[in-house]
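Scroll down for the structure; my scribbles are underneath it.
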Amino acid sequence: MSDTFFDLVPRPLPPLLSLVIPIFNEEEVLPLLIPRLREILNTLSCPSEVILVDDGSSDRSIQILLKESESDSRLKVLALARNFGHQLAATAGLDFSRGEAVILMDADLQDPPELISAMLEKYCQGFDVVYAKRTAREGETWFKKATAWAFYRIMRRLIHKDLPVDVGDYRLMSRPCLDALQSMRETHRFLRGMVAWIGFPQTSVEFIRPRRAAGETKYPLSKMLLFAWNAALSFSPLPLRLIFGAGMTLAIGSFSYGLFAMGATFWGLDVVRGWASSIAVTCFIGGTILVSIGLLGEYVAKIYEQVKERPLYVVARTKNFPPKA
């Protein structure tokens with residue numbers, strides 16, 4: 001999305017800045033993350049809160065969060081009843097945020113907190129979305145870099161033409177933008193695509209993505225592929241259109257071959273008769289039909305899950321949040 005707008009209205013720093021950080025089994029990185037956060041927050045010129053969302057961790061993450069929050073009321077702990085996944089944990093944190101500007105970031109310190117000041121500068125210029133764009137990745141294999149490069153560009157074609165490439169969930173959103181995002185309550189969520197779809201003036205700050213500070217990645221290739229699959233099905237009818245195109249191609253090809261066979265027989269040409277080719281074509285067409293049915297089933301399953309209208313997440317406990325009115 002273009003970052004050139006002629007109607008940007010400068011504004012002051014937000015009266016409250018919210019940081020939302022989903023956490024799943026990050027006991028190794030939390031002792032590094034929280035001091036970094038405190039150091040950055042102490043330099044900001046606006047009040048802040050940090051919403052730490054424990055997404056059903058099975059390690060000591062929740063114990064560390066509760067202990068750290070005892071001495072710092074800015075740290076607010078939101079513990080979910082089980083593991084709901086990164087996108088729903090992020091949604092829970094966004095729902096509980098109170099800031100006029102909200103920053104969503106990961107816990108592994110590959111989203112450097114030092115970018116917060118640059119994001120706030122863009123916010124004060126009038127931008128409603130400021131996302132962190134990766135210009136390089138430290139400490140990753142060529143395979144990981146290649147698959148990440150392909151992921152973002154395929155998602156851009158499948159989901160939305162304004163979906164920025166090489167951009168994760170690390171971004172600042174203004175309250176009007178967040179209110180629009182919160183009105184979208186679909187079960188299967190791809191927050192990056194949803195924010196791009198909403199619109200609003202958007203721009204970027206660039207950074208070199210550092211190595212993971214500690215622990216292991218929670219997004220191996222298998223999860224990344226599943227994430228891309230869910231995002232594509234949730235946001236785009238293109239897979240259905242591709243299957244329709246493949247079916248039309250097969251139908252036209254089969255009809256053309258039938259005409260050819262009839263003509264060859266009529267003119268007395270030598271026609272090779274054999275079962276191998278027939279079986280191959282039959283299996284290919286049958287496989288295509290089964291894939292098509294399976295793809296339709298995926299869409300129907302997502303519709304089924306959506307119409308049940310279950311809550312997106314369940315909160316088990318909170319700490320340092322103000323009491324409900």
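Going by what's in this entry, would Lys218 be described as within 15 Å of the chain's Cα centre (by Cα), surrounded by 14 or more Cβ atoms within 10 Å (Cβ to Cβ) and at pLDDT below 70? For Lys218, the condition - within 15 Å of the chain's Cα centre (by Cα), surrounded by 14 or more Cβ atoms within 10 Å (Cβ to Cβ) and at pLDDT below 70 - is met. The helices (runs of 4 or more DSSP H) falling completely within the range 25-139 that include 2 or more residues that are under 18 Å from the mean Cα position of the chain (by Cα) and touching a residue at least 24 places away in the same chain (Cβ under 8 Å) map to 86-96. Close contacts from the range 309-321, counting a first residue that is small (Gly, Ala, Ser) and a second that is outside any loop (DSSP other than H, G, I, E, B), with Cβ to Cβ under 6 Å and a gap of 6+ residues or different chains, come to Ala316/Ala79. Of a type in the set (A, V, I, L, M, F, W, C), in contact with a helix residue (DSSP H, G or I) (Cβ under 6 Å, 6 or more places away or on another chain), at pLDDT below 90 and buried (at least 17 other Cβ atoms within 10 Å of the Cβ) - does that describe any residue in the range 74-81? The answer is no, given that none of the residues of the range 74-81 is of a type in the set (A, V, I, L, M, F, W, C), in contact with a helix residue (DSSP H, G or I) (Cβ under 6 Å, 6 or more places away or on another chain), at pLDDT below 90 and buried (at least 17 other Cβ atoms within 10 Å of the Cβ). All of (1) in contact with a strand residue (DSSP E or B) (Cβ under 8 Å, 6 or more places away or on another chain); (2) under 25 Å from Phe84 (Cβ atoms) hold for Asn25 with one exception: (1).
The values are calculated or read from the model by the stated rules, or taken from the named source; none is laboratory data. Just so it is clear, the structure is predicted and the values come from calculations on it, not from any experiment. Every residue, glycine among them, receives a Cβ derived from its backbone with ideal geometry; neighbour counts consider all protein chains shown.
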